[in-house]
1. Considering each residue of the range 144-175, count those that are free of Cβ contacts under 8 Å to residues at least 12 places away in the same chain, in a helix (DSSP H, G or I) and in contact with a helix residue (DSSP H, G or I) (Cβ under 7 Å, 6 or more places away or on another chain), and give that number.
2. Since residue 183 meets every condition but one in (1) in contact (Cβ under 8 Å) with a residue 60 or more places away in the chain; (2) touching a strand residue (DSSP E or B) at 6+ places or on another chain (Cβ under 8 Å), which condition does it not meet?
3. Name every residue in the range 220-237 that is touching a strand residue (DSSP E or B) at 6+ places or on another chain (Cβ under 7 Å) and either farther than 21 Å from residue 148 by Cα or part of a helix (DSSP H, G or I) (or both), in order of residue number.
4. So residue 141 passes all but one of these: (1) over 15 Å from the mean Cα position of the chain (by Cα); (2) in a loop (DSSP other than H, G, I, E, B). Which condition number does it fail?
5. Taking residue 203 and the conditions (1) part of a loop (DSSP other than H, G, I, E, B); (2) in contact with a strand residue (DSSP E or B) (Cβ under 7 Å, 6 or more places away or on another chain), which numbered condition does it fall short on, given that it satisfies the others?
6. Please indicate, with yes or no, whether at least one residue in the range 162-174 is surrounded by fewer than 13 Cβ atoms within 10 Å (Cβ to Cβ), over 17 Å from residue 91 (Cβ atoms) and over 17 Å from the mean Cα position of the chain (by Cα).
């Protein structure tokens, strides 16, 4: 990344979240990285829109909305800035499908695709999410998986806003079907938490989805390591955007032991 270059970083949220989770990233990444939180329908500023339960339809919708920024500027705008895409958990799947959809529409490939806290698409088994969960089930999941404070879980007005979004997002996970396609022409940087239930093998399998470089960075923490160790995560993102991977993808079995925030 040159001194005057700006890279737009499109960030997709995880299940139940809005794009607001990336608001603090703007102040923490290096100059020249323009964080663009991608709001999904049915939450945040798009609360009035219908929620999606089909991830492929949602990725196509997002590509329709974003393509003007990454295609028209690329074709007609002098010095149009490059872009990268980040997604965590469900957001990683949406980011992957979004990049495929943008490239299919004629967009340039992103500088880097960041996939965080998610097994590679070909390995995911989300059959347990194919049925709609009751409010009680969703509250139990929030309690056990994300450490949501009890006072928040007991707030009926807050839960009335959160639970429909979470229910739709879980159904979206259950509806995901991996489609065999040519690997992406952009590098993939995977990120994972050492104490997460997402396995290292599941993260390494993302290497099959790219013809360019691949790397894995592991961090201390569970599924929400991106919040627990935000500084280390953003250092990794900033380094990788500044110096993208090139050349053939690395073989998963030949990686050295990882250190926190460093490529695996």
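1. 2
2. (1)
3. Taking the range 220-237 and keeping what is touching a strand residue (DSSP E or B) at 6+ places or on another chain (Cβ under 7 Å), we get 221-223, 225-226, 229, 232-233, 236-237.
Across the range 220-237, the qualifying residues are 225, 226, 232, 233, 236, 237.
4. With (1) over 15 Å from the mean Cα position of the chain (by Cα); (2) in a loop (DSSP other than H, G, I, E, B) applied to residue 141, the lone miss is (2).
5. Of (1) part of a loop (DSSP other than H, G, I, E, B); (2) in contact with a strand residue (DSSP E or B) (Cβ under 7 Å, 6 or more places away or on another chain), only one is false for residue 203: (1).
6. Step one: filter the range 162-174 for residues surrounded by fewer than 13 Cβ atoms within 10 Å (Cβ to Cβ), giving none.
Looking through the range 162-174, none of the residues is surrounded by fewer than 13 Cβ atoms within 10 Å (Cβ to Cβ), over 17 Å from residue 91 (Cβ atoms) and over 17 Å from the mean Cα position of the chain (by Cα).
Each reported figure results from applying straightforward, stated rules to the coordinates on display, with no laboratory input. Only a predicted model underlies this, so the values are computations on that prediction, with no experimental measurement involved. Here Cβ is always computed from backbone atoms with ideal geometry, including for glycine, and neighbour counts include all displayed protein chains.
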